[in-house]
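The values are calculated or read from the model by the stated rules, or taken from the named source; none is laboratory data. Keep in mind that this is a model prediction, so the values were computed, not measured. Counting neighbours? That spans all protein chains shown, and the Cβs are built from the backbone with ideal geometry, glycine included. Protein only, heavy atoms only, side chains kept; ligands, DNA and RNA dropped before computing areas. Shrake-Rupley method; radii C 1.70, N 1.55, O 1.52, S 1.80 Å.
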Amino acid sequence: MKMLISLSTAALLVGCNSSLDAKGSAKSAELTSSVARYLPEFTDSGDLILPKNFERWIYVGSPLTPNALNGGKANFPEFHNVYIEPGAYDIYLKTGVFPEGTIMFKELQLTLPQQHPDGSRDEPSGRGYFPGKLNGADVSVKDSKRFAATHGWGYFNFNHSEPKAATGKLKTAAECADCHTANAKKDMVWTQFYPRLDK
């Protein structure tokens, strides 16, 4: 009987440990990445410092809002070349959750000069919209404590022109977060436009 009790107790302990291990592993996966993280850097006044080497990050998509189709001046002209910080992407693939410190970098890029009223032009590959000059950037950062008022994300502008600003100021909810809240598919991110993230 004593042996049975010991075995039963051991089984319970193993079961408990397995549960704890599973939870611990999930938590560990969420907090750690096999890829080195680049975390957001802020000035003393709370401005975001322009992320370094963003062009080497994971590319997720390029929505397009041509000026010619938006009354001559799109809110975000024109290609939106979007990148996610590699360490955050690694964790997202494991957990399906954007971890704290996630940075989404949207580099804007103008189209080549239009040849048709809709802003398109003809090139050897066909008629369409083709990338031209770079045009500034917008960046979003996940920090649930710092940006609690806007569902855990902060939004920053680094000019809609070149060169990009060295630092970006936090945008108001009405300027950015409210639109993301109403329309972005997952956790304030437009995953519906990014197949690599739409999982």
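Among the residues of region 184-192, is any among the small types (G, A, S), crowded, with 16+ Cβ neighbours inside 10 Å and part of a loop (DSSP other than H, G, I, E, B)? If you could, list the steps in order and put the result at the bottom.
The first filter runs over region 184-192 and keeps only residues among the small types (G, A, S), leaving 184.
Adding the requirement that they be crowded, with 16+ Cβ neighbours inside 10 Å leaves 184.
From the residues that got through so far, the ones that are part of a loop (DSSP other than H, G, I, E, B) too are 184.
The answer is yes; a qualifying residue exists.
Count, please, the residues in region 158-178 that happen to be touching a residue at least 12 places away in the same chain (Cβ under 8 Å), surrounded by fewer than 19 Cβ atoms within 10 Å (Cβ to Cβ) and closer than 15 Å to E107 by Cβ. Here the count works out to 5. Applying the set (1) modelled with pLDDT of 95 or more; (2) over 16 Å from the mean Cα position of the chain (by Cα); (3) basic (K, R) to K23 leaves exactly one unmet item: (1). Among residues of region 83-142 being assigned to a loop (DSSP other than H, G, I, E, B) and among the aromatic types (F, W, Y), the one that is most open to solvent (accessible area, probe 1.4 Å) is Y129. T181 falls short on exactly one of the conditions (1) part of a strand (DSSP E or B); (2) surrounded by fewer than 14 Cβ atoms within 10 Å (Cβ to Cβ), and that condition is (1).
Summed over region 42-76, residues that are under 16 Å from the mean Cα position of the chain (by Cα), exposed (fewer than 14 other Cβ atoms within 10 Å of the Cβ) and in a loop (DSSP other than H, G, I, E, B) total 2. Condition check for S34 on (1) at pLDDT 95 or above; (2) in contact with a helix residue (DSSP H, G or I) (Cβ under 9 Å, 6 or more places away or on another chain): one failure, at (1).
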